[in-house]
1. State yes or no: is A:Ser104 over 11 Å from the mean Cα position of the chain (by Cα), surrounded by fewer than 23 Cβ atoms within 10 Å (Cβ to Cβ) and of a type in the set (S, T, N, Q)?
2. Can you pull out the residues in the range B:47-97 that are closer than 15 Å to B:Arg227 by Cα, part of a helix (DSSP H, G or I) and of a type in the set (D, E, K, R)?
3. Is it true that B:Val151 is in a helix (DSSP H, G or I) and touching a helix residue (DSSP H, G or I) at 6+ places or on another chain (Cβ under 9 Å)?
4. Inside the range B:198-236, can you point out the residues that are at pLDDT 90 or above and under 19 Å from B:Pro51 (Cβ atoms)?
5. Where in the range A:232-317 are there strands (runs of 3 or more DSSP E), lying fully within it, with 3 or more residues that are buried (at least 24 other Cβ atoms within 10 Å of the Cβ) and hydrophobic (A, V, I, L, M, F, W, C)?
6. Can you list the helices (runs of 4 or more DSSP H) found entirely within the range B:172-264 that contain at least 1 residues being over 30 Å from A:Lys178 (Cα atoms)?
7. Is at least one residue of the range A:86-96 among the basic types (Lys, Arg), closer than 24 Å to A:Cys333 by Cα, within 22 Å of the chain's Cα centre (by Cα) and within 14 Å of chain B (Cβ to nearest Cβ)?
8. Against the conditions (1) of a type outside the set (S, T, N, Q); (2) crowded, with 17+ Cβ neighbours inside 10 Å; (3) more than 8 Å from chain A (Cβ to nearest Cβ), where does B:Trp48 fall short? Just the number, please.
Amino acid sequence: MPKYILFLCLFAVALVGCDNKQPPENQETSTQSQAAQDQPLLLRVGHVGHDHHLALYVAALQSERFKADYDLYLKPVKDREVYELIEADHTVARLQLLKVGGGSKMPAAMSRGEIDIGLGGVTAVAAFADEGEPFKILCPLQTDGDMLVMLPDSPAEDWASFVKLARESDKPLRIGYKAPVAVAKLIFERALQAEGLKYTLDAGDDDIDIVLINFGSEAGPIPLMERGELDGYVMNQPGVAMAVHKGVGKVIAQLRDLPPAGQWVDHPCCCVTATETTMAEHHEPLVAFLKLLLLSTQLIQDEPQLAIDSAVTWAKNPREVEQQSIPTISYVCEPTESWLAGMRTWAQMAEDIDLFKDRYAEVSPQQFVDDLCDLSIVNAAMKDLRDRGMLQ
Amino acid sequence: MSVSRQASRIALGLVIPCAVLVVWHFASRHSAVVPSVASVVNVLIHPWQSPPTLDSTSLASGALISVLRVACGFTLAAITAVPIGLIVGRNRTARDILNPVIAAAMVISPIAWIPVAIIVFGLSSPASSMYGDEAWRYGMFDQLRYAIIAVIWMGAFFPIVLDTAAGASSVREAHLEAVQVYGATRMQRLRFVILPAAAPAIVTGLRVGGGIAWRVIIAAEIFPGTRSGLGYMITTAHDQAAYEYAFASIIVIGAIGLVLDGLLRLAAHRVTRWQVKERS
C-alpha cells in the first residue's frame, strides 16, 4: 500500500511542478527577503465577476488606453488576477482580484481578512456593519438594473396588469427572489405593501396573493421558470437579461418604477467597501484606485459599446445578454445627491422591516448614511481628477 | 469467457447510457436550458479550450486541479487515518477515547464542514504559507487551498479509520500468540501479522474514503477565491446558465471516479489475493 501512497504524493508533486508557469524571478533564498521587501503593497480586491463591477473590468481591459489618456492604469501581471496600479510611472500598489461571490460573501470575506477592498451590494455591507464590522462604503459602483420578470405567456405586461393579475388569480402567484436581503426583494415587498397585496414567504399561508420563493443563485430562476414552477421573479442584471435570452421570461417592470412612485429611482446596488484599517493605512493607494474607477465609469457612460464589449470579454456572458443588461444599469461612481437619497430611503426601508438589530437599530437614515459612508477618499479622488480636467 | 458472452455483456452495459442519450436528446429539443448532446460533446472533445462563455479555466485544467486536490486530501487522510485506525483497533483505552468522537464525526456530512474550514483556513494555501503575498505566482500550488484539502480530508478520514480499526481488531489472537512464542517484537507483530491481516479492511476503507473524497470535491470547490476545478465549473456554469459546461463536468467527474474506483479495486485485489487463497 505505501507504494500507492507514494505514487499519489509523487503525482501531486509532479503536477505542482508542471504548473509553475510563472516562477519567481529570483529563486535564491538569500535574496528572497530582499525581493519581498521590494515588492509593492498588495491589496486584495474582492469582486463578483458580473457586469455590476464593470468599472473594474474596463480598467483592467483598457490598460493601454488608460496609460495613454490618464497615466493611471492597471498593468497586467497575471491576466484576470493580478495587476499593478500605476500612476505617473509609480507603482502605487499591486491589486489581486479575487472572485469571492455576491450577496453576503464579499463582506464575509472582508470580515475574515481575506480581502482589503470589496465590490458588492450595499445591503450586505450594511448588515455586516450593523453587527459591528468596521466597514465603510467609499463610493457607489452602480444603481438600478433590478427588474420584475414574468413567464412569456403571462397576461401581465406591466406593473398595473401584474397587480390586477395577482388580485384576480385563483392561485397565489409564485415570485422568486435571489436572497433574503437582496435589494430587488426588499423593493418588491415594499411595492406589494404599497399596492395592498398580501404576500408571504410561507407557501402554507391561505388567502394570499403572492408567494415569495428563494431560488438562491444567479441562474436559479431559469430552470424553475422553464418548468413553470415560478410565475416570475425579481432580480438584478444580468440575471434578468439571461432569462430573456433563454426565452423563459419577459421583463414587465423595472423596479425603479414601482410604487411608492419615485422612491426607487437610482436605488443603490453595488458599492466599493474597505475596512477602516485599510483606509487608515493605505489612503493614497485607495485614492488612486478610486480615481481609476471614476475614470472607468466615465468611459462606460461615454462609450456604451466599449462597456458591452468589455462585459462580454470579462464576464463571458453572451453578447445578447450584455446588450440587454448594460443599458438598464446606471454606472455611477460619484456619490451624487440622488444616490445618497437612495441610501437614506433604503435605510428607512431597512428600519421598517427591522433589518438592523444592533449598531443601526436606533439611528435615523441620515445618521446611518453618515456612519456607513466615508466619502472623503472619493471626494479627494474626484477633486484631483477635476483639477486636472480629467473628470467631467 | 466466450466472445458472444463478452459482446452480450458490453451490449447490456450500453443499454442505460444509450437510453439516457436518447431521452437527453429529445429533452434538449424542447428546452432552453438542457444543452444539446452535440454541444456537450463539443466541450468534451476540446478539453484544453478556455470556455468562451464561462468565467473558468479549461475543462482539462479544471479536472487536473480537482484530481490534485483530491489526491492531496486523500493522501493526507490515508497517512493519518491508517495509524489511528490501527491504534483504535488494537488498544482498548484508545478505542474508549476515540470511538465516541469518531462515531459522532462520522455522521456529519463533510460538506457541513465547509464554513468551519473557511473560518479556520481562509484563502491560505501551501503557496501562501511559503511565499506570502507572492503566492499568486504559483498557479495550481496556490489553488490547492488548505480549506478545500481539509474538507476532503474530513470526508475520507473516518471511513478509513473505521475500516482499519475493524481490520486491526479482527486479527486472530492465535497468530499473534504464535509469533510471540518465537520472540517477535511489537514492531514485528505489527509488520508481519497485524498489517497483513488488516490490509483487506484498510483497502476497503481506502476505497470508500476515496469515493467520498471525490464526491466532496465538487462542493468544496465553491470556496471564495477559487477560479478552477470541476466543482467551480459546475457552479459557475449554473450561475451563467451555460449548462453544457455543467453537463460536461458531470461526465468527466463520472469518468474520473470510474478510473479512481478501478485503481483502488485493483489495489484491493492485489492486497487480498492471499485471503482468497487462504479461504480456498
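1. Working: over 11 Å from the mean Cα position of the chain (by Cα): no; surrounded by fewer than 23 Cβ atoms within 10 Å (Cβ to Cβ): yes; of a type in the set (S, T, N, Q): yes.
No; evaluated as a whole, the condition is false for this residue.
2. B:Arg69
3. yes
4. Correct list: B:Gly229, B:Leu230, B:Gly231, B:Tyr232, B:Met233, B:Ile234.
5. Values: elements: A:232-236, A:250-254, A:270-275.
Result: A:270-275.
6. On the way: elements: B:173-181, B:186-189, B:195-220, B:230-239.
Here the list reads B:173-181, B:186-189, B:195-220.
7. Checked the range A:86-96: at least one residue is among the basic types (Lys, Arg), closer than 24 Å to A:Cys333 by Cα, within 22 Å of the chain's Cα centre (by Cα) and within 14 Å of chain B (Cβ to nearest Cβ).
8. Evaluating B:Trp48 over (1) of a type outside the set (S, T, N, Q); (2) crowded, with 17+ Cβ neighbours inside 10 Å; (3) more than 8 Å from chain A (Cβ to nearest Cβ) leaves (2) as the failure.
The values are calculated or read from the model by the stated rules, or taken from the named source; none is laboratory data. Small disclaimer: the values here were computed from a predicted structure and weren't measured. Ideal geometry is used to build each Cβ from the backbone, glycine not excepted, and the neighbour counts take in all protein chains shown.
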